[in-house]
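One structure below.
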Amino acid sequence: MQLDFQAREVTVKLVYYGPALSGKTTNLQAIHRLLTPEGKGRLMTLETRDDRTLFFDLLPLTVNTEMGLTVRIKLFTVPGQVIHNSTRRLVLQGADGVAFIADSQVAEVRANQASFKDLRKNLRENGIDPAAMPLVIQYNKRDLPNVRSEEEIMRMASQGKERIYLATATHGAGVADTFMGLIGTTWENMERQHKLTERFGLNEQAVMSDLRRRFGPPVEATKHG
Amino acid sequence: MDESKTADISYGEIANLEDLIDRDSLREVCRSFFDLFGLSIRVFSQRGSLLANVHEERSVCRYVNSLTKGRVACAETVAQAQMLVPEGGTTVTHNCFTGAVYHVVPIIYDERQLGRIVIGPFLPSETNEIPASLLHIDPQVEPARARLALAEMPRVRAQTAGRIATHLRGVLDLILFSGHRARLTSAMHLATVRENYRELSEKNTRLQDAYDKLKELDRLKSNFLATVSHELRTPLTSIIGYSEMLEAGIAGDLSPEQLGFVETIRTKGELLLQLISSLLDLNKLERGQLSISTEYVDPRAVLAEVKDTCLPEAEKKHIKLELSWHQDVPAVQADPVRLRQILINLVSNAVKFTPDSGRVDLSVKTTEMRVAQGDDDDDDAGGFGAALMMAPERAVEFCVKDTGIGIPEAEIAKIFDAFYQVDGSSTREYGGAGLGLSIARSLVEAHHGTIRVASELGQGTSFFVTLPEAQPDQA
């Protein structure tokens, strides 16, 4: 998080992490599509090759509060392919919250786990305790066959403390919820650490409801079969 | 990397217009707008630096500036227009006493005001009359001249001016977006290279440590081998010596059976001693401690000696041992003892792996080889000075060719490794410690020569040892 007292700005960095081809960029594209134009920047994609992210995607969002404070939200994706590890570590620097985009397909269990281990390792190498990082997990690609069942995911989720979301990012389903969950848990953490309400009169509820309002009506998840 | 670049990557933020814009491109864009709409355009950064300035002095401005008071008033108006910073993201209009106006349009990127565009002066289309402010700005103003000059000022409707501004802002926004992306990309490139370099450096350090440890282990192994070999040899010498004495009957006559047993003890003891000597040789070779005293050696003479030595062994298996050479084979610079050791090793190997009634051919001929000069060989790799450096020298090639079992292709690369046996099973047909070829290769290399092998499974194997011709100045 970055605080600029002079410009009365708070900048929050959120990173979409996950294995290659799990739909990180697709999440950002869906957010960009679903949001109303106000306070929404262009979706910037840095260096793509064959539709694969090489550096990162960046979507800037802005929320102007009644108190005259501006909340700037920067959404980043990391490149998922194994070889881009140093890029992932760089993008992860200064992250306030992470959304882990997992692939729901049963065959992708290992890829998800390897990427999550990679996330923990990179956080540690950046000097951050992984357990202290606000995190939400999204099980994406719910529309594909051979995906892990919702019951099973929820059973596994009950053993962890992170919020879990189900999504079909290509249709935009679950994308807004994931984002709202991410900014929510990130905000709670920043509030604990920086006392934003007390010190700056930043009202979490106002920011949240403004963002929620900017997303159109919720997109229904379409299930396979 | 400076602080701002790191911040770029962390948040993808851009604070200054100057960082994003290529001034020449911006000037070109402004020039094309000027050509299209006939309106002067100036672009300022938020800090007030003029980044592009495409304008034409209007007739009325020229006329006003020719008057003393007019000049002062004009300078003031222009300065005010240029200093005006629009608030809240909306366009501000600044009026000139001539009736013309300036539009000051904010440049907003990523929800931040990074600068402003000053469009004008132009005359709003709605203006029909020459304003009193122009007539009264200077006592010397002549209304007729002023009217004529003002008529040349471009006339734009307020709505059109708004559209032009929006269009220019849109174009500028795209330029800024491209600039932003290019800047982030280059910052990412740099940061990634640095990060990779850091990572590789750490890995290199770890590898170097591991390498140093291995080298130390290797040294310990060599020392251990040297000590153990030595310790083994001492009692073995006694075993062989006493066996010889028993055989010679010094301790009394032995029955034929006893004699047979003692002979076995002695020959096995000698085999063991040979093995231990080989280990010591290898150890010395690996540590570069084996001394080689070279002299002119006639290859043919050495080959003949080798044949004599190996003949009994070959005859036991009814193997034909044939010798052939060219008359003009030059001398080599070699240690005769070691050269014999190399060749005997190859020949006894050939005999060992050739079935009964087979054939082993020994030959020597003149050939050419590339001799490594010094140890800066890496320079040759790129073909640098190849015409000179790749020139071969005259050399001598020994060949030991058998009709034995041959070596599988996959194994050929490994046969020179110490302790390697093609058939490594405990029930293998052919004995040996797997040291002979390793020692032979080390010895050949100590002579600046090469050793290679050609083999066909079931047909036979040929070993070639190539040594450079003796150089006169080395004598």
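Quick notes on this structure:
- 222 nm mean residue ellipticity, helices alone, for the protein assembly as shown (DSSP H n ≥ 4; -39,500 (n - 2.57); rounded to 500): -15000 deg cm²/dmol
- Taking amide H positions as modeled 1.01 Å from N, with prolines and chain starts lacking one, the residues under 5 Å from B:Val396 and 5 or more places away or on another chain are B:Thr367, B:Leu467, B:Glu469.
- Global geometry of the protein assembly as shown, whether rounded, prolate or oblate, following the gyration tensor of its Cα atoms and the 1.5 cut on a/c: prolate
- Links that overshoot a 26 Å alpha carbon limit, given the list B:Lys213/B:Lys268; A:Lys161/A:Lys195; B:Lys352/B:Lys414; B:Lys268/B:Lys307; A:Lys141/A:Lys161; A:Lys74/A:Lys195: B:Lys213/B:Lys268
- Cα centre as origin, Lys/Arg/Asp/Glu Cβ charges: the protein assembly as shown dipole, Debye: 3540
- Positive-end residue, the stretch B:57-157 charge dipole about Cα centroid, Cβ charges, pick of B:Ala149, B:Leu123, B:Val72: B:Ala149
- Fully extended contour minus Cα-Cα distance, from B:Val453 to B:Gln140, at 0.36 nm per residue: 101.7 nm
- Debye, to nearest 20: dipole size of chain B, +1 on Lys, Arg Cβ, -1 on Asp, Glu Cβ: 2560
- Pairwise label distance in nanometres, B:Arg147 with B:Asp209, each label 7 Å out on the Cα-Cβ vector: 9.3
- Dipole of the protein assembly as shown, positive direction: furthest Cα of A:Phe179, B:Gly99, A:Leu92, with charges on the beta-carbon: B:Gly99
- Each of B:Thr309, B:Thr403 has its accessible area taken with a 1.4 Å probe; listed largest first, they run B:Thr309, B:Thr403.
- In the protein assembly as shown, the DSSP beta bridges split such that about 70 percent are antiparallel, to the nearest 5.
- In the protein assembly as shown, the portion of solvent-accessible area held by carbon and sulfur atoms comes to 53 percent [1.4 Å probe, whole percent, DNA, RNA and ligands not counted].
- Here the 3J(HN,Hα) profile of the stretch B:326-334, calculated from phi with Karplus coefficients 6.51, -1.76 and 1.60 at θ = phi - 60°, is 8, 5, 8, 5, x, 6, 10, 9, 8 Hz, Gly and Pro shown as x.
- Applied to the stretch B:55-62, the Karplus parametrisation 6.51 cos²θ - 1.76 cosθ + 1.60 on θ = phi - 60° returns per-residue 3J(HN,Hα) values of 8, 9, 6, 7, 4, 5, 5, 4 Hz, with x for Gly and Pro.
- Relative contact order [Cα under 8 Å, 6+ residues apart], chain A, whole percent: 22
- Cross-link check: pairs B:Lys215/B:Lys401; B:Lys320/B:Lys365; B:Lys221/B:Lys317 evaluated at a Cα-Cα cut-off of 32 Å; pairs beyond the cut-off: B:Lys215/B:Lys401; B:Lys221/B:Lys317.
- A:Arg52/B:Thr166 FRET efficiency (R0 56 Å; Cβ-Cβ; nearest 0.05): 0.95
- Within straight-line cross-link reach of A:Lys121, aspartates and glutamates at Cα separation under 13 Å, skipping those fewer than 8 residues along the same chain: A:Asp129
- Around B:Ser238: net Lys/Arg minus Asp/Glu count, Cβ-Cβ under 14 Å: -1
- The stretch B:229-346: C-alpha gyration tensor shape, a/c 1.5 cut-off, then a/b vs b/c: oblate
- Only Lys, Arg (+1) and Asp, Glu (-1) charged, at Cβ; the stretch A:2-224 dipole about Cα centre in debye: 300
- Taking all protein chains as they are arranged and a probe of 1.4 Å, the heavy atoms of B:Thr90 leave approximately 80 Å² accessible to solvent.
- Estimated FRET transfer efficiency (B:Leu200, B:Glu368; beta-carbon r; R0 41 Å; 0.05): 0.45
- Summed over the residues of the stretch A:2-224 and divided among them, the accessible surface reaches 46 Å² per residue at a probe radius of 1.4 Å.
- Remark: relative contact order (chain B) = 10 percent; criterion is Cα-Cα distance under 8 angstrom and separation of 6 or more residues.
- Drop in accessible area of at least 40 Å² in the complex versus isolated chain, residues of the stretch A:31-53, 1.4 Å probe: A:Arg42, A:Met44, A:Leu46
- If the chain linking B:Ala413 and B:Gln327 were pulled fully straight, counting 0.36 nm for each residue of separation and taking away their Cα-Cα distance, it would gain 27.6 nm.
- Of the GluC sites (Glu not before Pro) found in the stretch B:150-207, those that fall in a DSSP loop while having at most 15 other beta-carbon atoms within 10 Å are B:Glu152.
- Gyration tensor (alpha-carbon) shape descriptor, chain B, a/c threshold 1.5: prolate
- Filtered GluC sites (Glu not before Pro), the stretch A:44-146: DSSP coil and at most 10 other beta carbons within 10 Å: A:Glu66
The values are calculated or read from the model by the stated rules, or taken from the named source; none is laboratory data. All figures in this text were calculated on a predicted structure; none of them were measured in a lab. Here Cβ is always computed from backbone atoms with ideal geometry, including for glycine, and neighbour counts include all displayed protein chains. SASA here: full protein model, heavy atoms, side chains in, ligands and nucleic acids out. Shrake-Rupley method; radii C 1.70, N 1.55, O 1.52, S 1.80 Å.
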